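Q: My questions will all concern the structure given below.
The values are calculated or read from the model by the stated rules, or taken from the named source; none is laboratory data. As the structure is a computational prediction, the values presented were derived from the model and not from experiment. Here Cβ is always computed from backbone atoms with ideal geometry, including for glycine, and neighbour counts include all displayed protein chains.
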């Protein structure tokens, strides 16, 4: 007898995965934005891919602008447009306040997506708009978020003003030259010497451009591990904290959450002898007077950058023997003149450095030869390096950054609760100050750990970006027939002269390549 058995179809076979997108806001600080975005992307990719029924549909983001202004949020609007095109099935965001702090806009966006049969999950509030019986809870919570955007700001301002007035405000992130040690600003000796030199150089007549240039040449890094700029130098010279004083509330935030320079709109508080000084008040005033005078002058000849950087190689050639910079000079011979580069130390004292000149033509030819080698060897040199750098950008570091950002946000919430208790009269000032200082110290520790990780990851990401740019250039397969400054400046960071016969080109992607010098 024939027997037929019905086999139930596996419900999971052929089932289409739900396309899940994430929305977030990232910092506007340029050196942090890429890393913060990558950290959140890693977090959401990890979160979404842990669900077998979900498929990662991208990360949409806006820079750290006010959540009260929907019109300025291009990332949010782009996500809505993608939803309308049928590219997204489900949206995840960290909280209602991150999504929208305006009740009307929040409900409008939620309803718009509901009409498209697309739901939103708010992580912090654990709300899924797809499982809501009504809009009541969302309306209440978004209304609270809207009012909190004002009340939190006002309460924080009140708490900060109180600490300004009684001298208990802690500067959690002191300027270059200082560190926060148990809530106190303590001098970092090696950085303090740099600060003293900056003020001394300013009073000696050096421009901010020259000072920044020298610090970069010496390999000195800024507080955040970056390069010095004239603006950074200006910021140090104009910072009263180096005299031991602190001027509180130099900036303020208006009702629309926009930050402004305080030009008398709100009270300022000057606390003298707040911490140990690095320079005297007299030296501070004289240095600032010098800067103001230069600002009033026009065409005073201090901006030598245009002269110093007339040539692509200018300021980028270093001696492999003494570390000095190379200077361009014209040499003469019976057949005519030619340009050459010579170590400044050798020019001043031949006993201190034995490196002799190299010709401009040989250096140009070496660079052209190196670039043409990369055109041929991109598969064996550049692409393996790109894979290696991508390996360094492991998800563990990015997820740790996201974890630290969450901890910092939790710390901020705790400070808000503390401020509310104090404002309501439920907390004694002494206890309030003690708890505030502990939270400030905790935040400083978290931020320092986060900054360290971000510098590490950001350095890798910059190299990856530069390497990808170089790959795009050499992948065209076009051989260079002559040298041009633009190409050199686009890809090369510096040149180290090992001898009159060999140099090392250090590229922006982190690659260092040796090349022989041959006269054309």
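Q: Yes or no: residue 421 assigned to a helix (DSSP H, G or I), at pLDDT 85 or above and within 25 Å of residue 183 (Cα to Cα)?
A: No.
Q: Something else now. How many residues are crowded, with 17+ Cβ neighbours inside 10 Å and closer than 23 Å to residue 485 by Cα when one looks only at segment 328-371?
A: Of the residues in that region, 17 qualify.
Q: Further question on the same structure: Could you tell me which numbered condition residue 36 fails, if it satisfies all but one of (1) surrounded by fewer than 18 Cβ atoms within 10 Å (Cβ to Cβ); (2) at pLDDT below 75?
A: All conditions pass for residue 36, except number (1).
Q: Can I ask one more? Out of 128, 117, report the one residue that is more than 21 Å from residue 37 (Cα to Cα) and either buried (at least 18 other Cβ atoms within 10 Å of the Cβ) or at pLDDT below 85 (or both).
A: Only one candidate passes the filter, namely 128.
Q: Taking interchain pairs and intrachain pairs at least six residues apart, which have beta carbon atoms under 7 angstrom, with the first residue in segment 460-476 and over 15 Å from residue 489 (Cα atoms) and the second modelled with pLDDT of 85 or more?
A: Sorted first by the residue in segment 460-476, then by its partner, the pairs are 474/374; 474/375.
Q: Taking segment 239-267 as the search range and keeping residues that are surrounded by 13 or more Cβ atoms within 10 Å (Cβ to Cβ) and assigned to a loop (DSSP other than H, G, I, E, B), which one is modelled with the lowest pLDDT?
A: Quick first cut of segment 239-267, residues surrounded by 13 or more Cβ atoms within 10 Å (Cβ to Cβ) only: 239-249, 252-253, 257, 262, 266.
So of that shortlist, the ones also assigned to a loop (DSSP other than H, G, I, E, B) come out as 239, 244-245, 249, 257, 262, 266.
Working: 239: 87, 244: 86, 245: 83, 249: 65, 257: 48, 262: 66, 266: 65.
The qualifying residue modelled with the lowest pLDDT is 257.
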